[in-house]
Amino acid sequence: ACDVAIHVRSSPNLAALNDVPGTRLAERSRAHKPIIEERLSKRWCLTQHPTNAHAQAADLPLGAYRDFVYGAILRDWAAVEAYQEELRRRLEDASTVRVVAGETDIQMNVEHMHAINSAGRHNMPSGEVFTAPVPDSVEGTVHFDKPLIHQGRE
């Protein structure tokens, strides 16, 4: 048993699970659910150690990517939390959120949804304020200029 869990993600090959069927990954997730629930019942932190694979996915040399990741981790988290708290309050008081940037234009209803100030207590790097939309209220288009890779799949 432990009091605190620190999980460091670091992969030399982001495509390592590409040939594993999705059904097998789902089985693994179901099998690990009790372990994850136990881990989340403790103090925990999830972080990343920069690797060449992650740097390559970000189109950066390893040194620049390392500086980016550690620059995002080594922050004055009390100051970040204080700054973000105003954003959290505004988001929690909002009824609608619209995001317009580049090719993205998306709108959602967030009325009565709880907003979270994520300021370095669990995930590192951190520094976000987030909520969830009211189900079936999201409309618009989101553009991603980089792929999302999860469990080795794009």
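Computed from the coordinates by the stated procedures, all read-outs in this text should not be read as laboratory data. Keep in mind that what you see is a predicted model, and the values were worked out from it rather than measured. Every residue, glycine as well, gets a Cβ built from its backbone with ideal geometry; the counts of neighbours run over all protein chains shown.
Show me the chymotrypsin sites (Phe, Trp or Tyr not before Pro) within segment 75-144 that DSSP assigns to loop and that have at most 11 other Cβ atoms within 10 Å of their Cβ. Write down the numbers at each step before the final one.
Numbers: sites: 77, 83, 130, 144; in loops: 144.
Here the chymotrypsin sites (Phe, Trp or Tyr not before Pro) that fit, given the DSSP loop and packing criteria, are 144.
Stretch residue 116-residue 128 to full length: gain in nm at 0.36 nm per residue minus the Cα-Cα span? Intermediate values should be presented prior to the final figure.
Values: separation 12, 0.36 × 12 = 4.32 nm, distance 0.82 nm.
Extra length from residue 116 to residue 128 when fully extended: 3.5 nm.
Around residue 116, under 15 Å between beta carbons, what's the net of Lys plus Arg minus Asp minus Glu among the other residues? Walk me through the intermediate numbers first.
Numbers: positive: 88, 89, 90, 121; negative: 81, 85, 86, 92, 93, 128.
With Lys, Arg at +1 and Asp, Glu at -1, the net is -2.
Rounded, prolate or oblate: which fits segment 76-144 when a ≥ b ≥ c are the square roots of the eigenvalues of the alpha-carbon gyration tensor, with rounded for a/c under 1.5 and prolate only if a/b beats b/c?
It is prolate, given that a/c is not under 1.5 and a/b is the larger ratio.
Starting with the fewest neighbours, write out 113, 124 ranked by other beta-carbon atoms found within 10 Å of each beta-carbon. Can you show the working numbers first?
Values: 113 17, 124 20.
Ascending number of Cβ neighbours within 10 Å: 113, 124.
Within segment 122-136, find all residues whose amide N lies under 15 Å from a label point positioned 7 Å from the Cα of residue 96 along Cα-to-beta-carbon.
134, by backbone N distance to the label point.
By the scheme Lys and Arg +1, Asp and Glu -1, what is the net charge of all other residues having a beta-carbon under 11 Å from that of residue 133? Before the final figure, lay out each step's value.
Details: positive: none; negative: 111, 136, 139.
Surrounding charge for residue 133 is -3.
Residue 3 to residue 27: extension gain in nm, 0.36 nm per residue of separation minus the Cα-Cα distance? Could the numbers behind the result be given before it?
Working: separation 24, 0.36 × 24 = 8.64 nm, distance 2.77 nm.
Result: 5.9 nm gained on full extension.
List the pair-distance distribution P(r) of the chain, using every Cα-Cα distance, as the percent of pairs falling in each 10 Å bin from 0 up to the bin containing the longest distance, rounded to whole percents.
With a bin width of 10 Å, the distribution comes to 9, 24, 37, 28, 2.
If you line up the long axis of helix 62-73 against the longest principal axis of the chain, both from Cα atoms, how many degrees apart are they, to the nearest 10?
Result, in degrees: 50.
State the Cα centre-to-centre distance between segment 100-124 and segment 6-52 in whole Å.
Rounded to whole Å, the Cα centres lie 23 Å apart.
Suppose the chain between residue 45 and residue 68 were pulled fully straight at 0.36 nm per residue; how much longer would it get relative to their current alpha carbon spacing? Before the final figure, lay out each step's value.
Numbers: separation 23, 0.36 × 23 = 8.28 nm, distance 1.89 nm.
Taking residue 45 through residue 68 to full extension adds about 6.4 nm, to one decimal.
What FRET efficiency, computed as 1/(1 + (r/R0)^6) with R0 = 30 Å and r the Cβ-Cβ distance, is obtained for residue 86 and residue 145, rounded to the nearest 0.05? Intermediate results must be reported in sequence, preceding the final value.
On the way: r = 29 Å, r/R0 = 0.96.
The calculated FRET efficiency here is 0.55.
Would you calculate a helix-derived [θ] at 222 nm for the chain, using -39,500 (n - 2.57) for each DSSP H run of n ≥ 4 and dividing by the full residue count, to the nearest 500? Spell out each step's value before the answer.
Values: 4 runs with 54 residues, N = 154.
Result for the chain, helices only: -11000 deg cm²/dmol.
Determine the sum of side-chain charges near residue 86: Lys and Arg each +1, Asp and Glu each -1, restricted to other residues whose C-beta is under 12 angstrom from that of residue 86. Spell out each step's value before the answer.
On the way: positive: 88, 89, 90; negative: 81, 85, 92, 93.
With Lys, Arg at +1 and Asp, Glu at -1, the neighbours total -1.
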